[in-house]
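Take a look at the structure below.
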Amino acid sequence: MSQKFWTLTVLLLFATCGFAEEGETGTNLVNRIREHVSIHASADVETAYLARGAVVDSHPFSSQLLGGDILLDDFGHIGAFAWSASSFTRTGQRATRRNAYHEVDYNIYYGYRLKLADEWTLDNRMARQWVTLPGYRPHANTFCEWHAAQSLETPYVTPYYLLRHCCQPDDWNYWDVGVKRTFSLTDTVSFTLDFFGDLGDSRHFAAQYGPKPSAPRSKYHGGLQALNLVARTDWKLTDYLSVFAFVWQFDIVSDDARDSLGASNAPEAKRDVTVGGIGLAVNF
């Protein structure tokens, strides 16, 4: 008989043995998977697109996210997600591009949560990210980044930071440093305040704001770029589905950056903007 026949026979025997066990085996397996695997997705609409201390698109857009996480018990967890952006217009940004899925980011990460004391946990994460720009014309290069992030979860506030190091095709460093606090208003409604700053080195300033108008050949001074305050409300509709809404105040505080944006006529060259957004989130 053929090798394929014996292979199918062995697989059938294993399957038969599995179903011959107690009925709880399948349920236990599903429960084990649920304990170790989580899937999350979200979609929203925002009035502007902000990223790394600058306005990327001054007009409304929609983003979608799909990701998963696998718990490795005492060894932490691994995960991945994909995030996309689709603009509603072509006039909110100077670059030439299509509207639908003009940016798609891919991220893989490893995380470890270290319990320091009761209700005190240090969350650590390392990641590799690829920022692809398939909708831009002419073709735009993919940005490859390394990420390092930590947050200290306490009963009071959660301070955190995120470092993004771009290694290809450019070379710059960006920091997102802040503190947030979530308040439980009811069993299903929570409110979060998030205050953070955007910081970067001189190369990152040049990548975000272009040459300095007063001295195009001189370098920016790295440091604080912008300040942000986000107020967000989450309403849990079911065990898996929730709706959220937020208001985000963004202000450039670097004098050099404000001068550069003020001298530009690009539609995304905004120094101060208030962004609103609403969306749905699913978690399994």
Note down the relative contact order for the range 47-173 as a percent, whole number, built from C-alpha pairs under 8 angstrom at least six residues apart.
-> 16 percent
For the range 219-227, just list the computed ³J(HN,Hα) in residue order, Karplus coefficients 6.51, -1.76 and 1.60, θ = phi - 60°, integers in Hz, with x standing in for Gly and Pro.
-> 8, 6, 8, x, x, 6, 9, 8, 10
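Can you give the net charge of the other residues whose Cβ lies under 15 Å from the Cβ of GLN64, counting K and R as +1 and D and E as -1?
In short, -4.
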Have a look at PHE143, PHE196, ALA215 and report the one farthest towards the positive end of the charge dipole of the range 80-233, computed about the Cα centre with Cβ charges (Lys/Arg +1, Asp/Glu -1).
-> ALA215
Quote the relative contact order of the chain in percent (integer), defining contacts as alpha-carbon pairs under 8 Å separated by 6+ residues.
-> 14 percent
Can you bin the range 223-277 into rounded, prolate or oblate? Criterion: square roots of the alpha carbon gyration tensor eigenvalues sorted a ≥ b ≥ c, rounded for a/c under 1.5, prolate for a/b above b/c, oblate for the rest.
-> prolate
Label point distance in nm, HIS165-VAL189, each placed 7 Å from Cα along Cα→Cβ | 4.5 nm
Cβ-Cβ FRET estimate between ALA245 and HIS147, R0 fixed at 35 Å, reported to 0.05 | 0.80
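Do you know the Lys pair count in the chain for C-alpha distances under 28 Å, with sequence separation 8 or more or different chains?
Close lysine pairs under the 28 Å cut-off: 6.
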Calculate how steeply helix 24-36 sits against the longest principal axis of the alpha-carbon atoms of the chain, using the helix alpha-carbon long axis, and give the answer as 0 to 90 degrees to the nearest 10.
-> 20 degrees
Compute the length gained on full extension between LEU122 and TYR101: take 0.36 nm times their separation in residues and subtract their Cα-Cα distance, giving the result in nm to one decimal.
-> 4.1 nm
Selection from ILE78, GLN93, LEU122, by position along the positive dipole direction of the range 61-137 (Cβ) = GLN93
Helix 3-20 axis, angle to the chain major axis (alpha carbon atoms, nearest 10°) | 80 degrees
If you plug each phi of the range 255-263 into the Karplus form 6.51 cos²θ - 1.76 cosθ + 1.60 with θ = phi - 60°, what whole-Hz ³J(HN,Hα) values come out, in order, with x for Gly and Pro?
-> 4, 4, 5, 5, 5, 5, 5, x, 8
Accessible-area composition of the range 50-97, carbon plus sulfur, in percent [1.4 Å probe] | 65 percent
When the chain is treated as a Gaussian network with springs between alpha carbons less than 10 Å apart, the largest mean-square fluctuation among ARG113, ARG125, ARG34 is found at ARG34
Here the range 66-79 yields Karplus 3J(HN,Hα) values (6.51, -1.76, 1.60; θ = phi - 60°; whole Hz; Gly and Pro given as x) of 9, x, x, 9, 10, 7, 9, 6, 6, 9, x, 8, 10, x
If you add up the charges near GLY178, with Lys and Arg at +1 and Asp and Glu at -1, over every other residue whose beta carbon is less than 12 angstrom from its beta carbon, what do you get?
-> -1
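How big is the charge dipole of the range 99-225 about its Cα centre, in debye rounded to the nearest 20, if each Lys and Arg gets +1 on its Cβ and each Asp and Glu gets -1 on its Cβ? Present the calculation step by step, with values, prior to reporting the outcome.
On the way: 12 positive and 14 negative charges, 98 e Å.
Using Cβ point charges on Lys, Arg, Asp and Glu, the range 99-225 gives about 480 debye.
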Two-decimal Rg/Rh of the chain from alpha-carbon positions, Kirkwood Rh?
-> 1.06
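For every other residue with a beta carbon closer than 12 angstrom to the beta carbon of GLY92, add +1 if it is Lys or Arg and -1 if Asp or Glu, then tell me the sum.
Result for the local shell: +1.
Enter the accessible area per residue of the range 33-161 (Å², integer; probe 1.4 Å; all protein chains in place). Before the final figure, lay out the partial values.
Working: 6910 Å² over 129 residues.
That works out to 54 Å² per residue.
The values are calculated or read from the model by the stated rules, or taken from the named source; none is laboratory data. All values derive from a computational prediction rather than experimental measurement. Please note: Cβ atoms are built from the backbone with ideal geometry, for glycine as well, and neighbour counts cover all protein chains shown. With ligands, DNA and RNA removed, areas are computed over all heavy atoms of the protein, side chains included. Shrake-Rupley method; radii C 1.70, N 1.55, O 1.52, S 1.80 Å.
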